[in-house]
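Read-outs: derived from the displayed coordinates by stated rules, not from any lab. Bear in mind that the values here come from a model prediction, so they are computed numbers and not experimental data. When we count neighbours, we look across all protein chains shown, and the Cβ atoms used for this are built from the backbone with ideal geometry, even at glycine.
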Amino acid sequence: NAGVTQTPKFQVLKTGQSMTLQCAQDMNHNSMYWYRQDPGMGLRLIYYSASEGTTDKGEVPNGYNVSRLNKREFSLRLESAAPSQTSVYFCASRRFRETQYFGPGTRLLVL
Amino acid sequence: AQKITQTQPGMFVQEKEAVTLDCTYDTSDPSYGLFWYKQPSSGEMIFLIYQGSYDQQNATEGRYSLNFQKARKSANLVISASQLGDSAMYFCAMREEPNTGNQFYFGTGTSLTVIP
């Protein structure tokens, strides 16, 4: 089992460019999440998907869109990147009532 | 109001000593879960321990225990017999059960340094 995988590991974007962060899990989990981690602010929830075909906003959804492509995959899209979106992005998944399992993270720098 | 508060930005502990990392939470829901995660310098998030709001006993996992004081809304992590490999960031988190229990809230973290 690979657990939760994320691609890419690192990315540098220019302001205004778009990109999609990919996340996949092989644990047959129903729920999937996208977080961002900024220094001194812990992890903040961007979007989550309780099950295939559903997505909901978290604490900081502005500037992002998500797609729950199937049960395994949950992607995060930045349509027009801004320097304020420079962060480390974590994907996570979980089965109902269990803990979350995190991917290794994606470091994004927006110039 | 902050859902999760960790008031210790940084802590130091001597190797083999015990250390307590503080966490207080804020919720009006009767059903919730509390978690601790470890984030070493390599960046991954590692689950350590879980406490449910209805659990009567404090959770323990090896050298980790969670001191759950429901009336005080605190969920402190106790690490016994600290090891050099325990040096990391530690995050407290809460899951509220309503809304399918999918809203997780994280604290700002505590940086723990274990001194040889």
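Table for the structure above
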| item | result |
| --- | --- |
| Distance between modelled label sites at B:Ser31 and A:Arg77, nm, 7 Å Cα→Cβ extension | 3.5 |
| Beta bridge orientation in the protein assembly as shown: antiparallel %, DSSP, nearest 5 | 90 |
| Label-point separation, B:Thr113 to A:Arg95 (7 Å along Cα→Cβ), nm | 4.1 |
| Linear extension gain, A:Phe10 paired with A:Arg107, 0.36 nm per residue minus alpha-carbon span | 34.4 nm |
| Label point distance in nm, A:Val88-A:Asn65, each placed 7 Å from Cα along Cα→Cβ | 2.9 |
| Spatially proximal lysines relative to B:Lys73 (Cα-Cα < 29 Å; intrachain offsets below 8 disregarded) | A:Lys57, B:Lys3, B:Lys16, B:Lys38 |
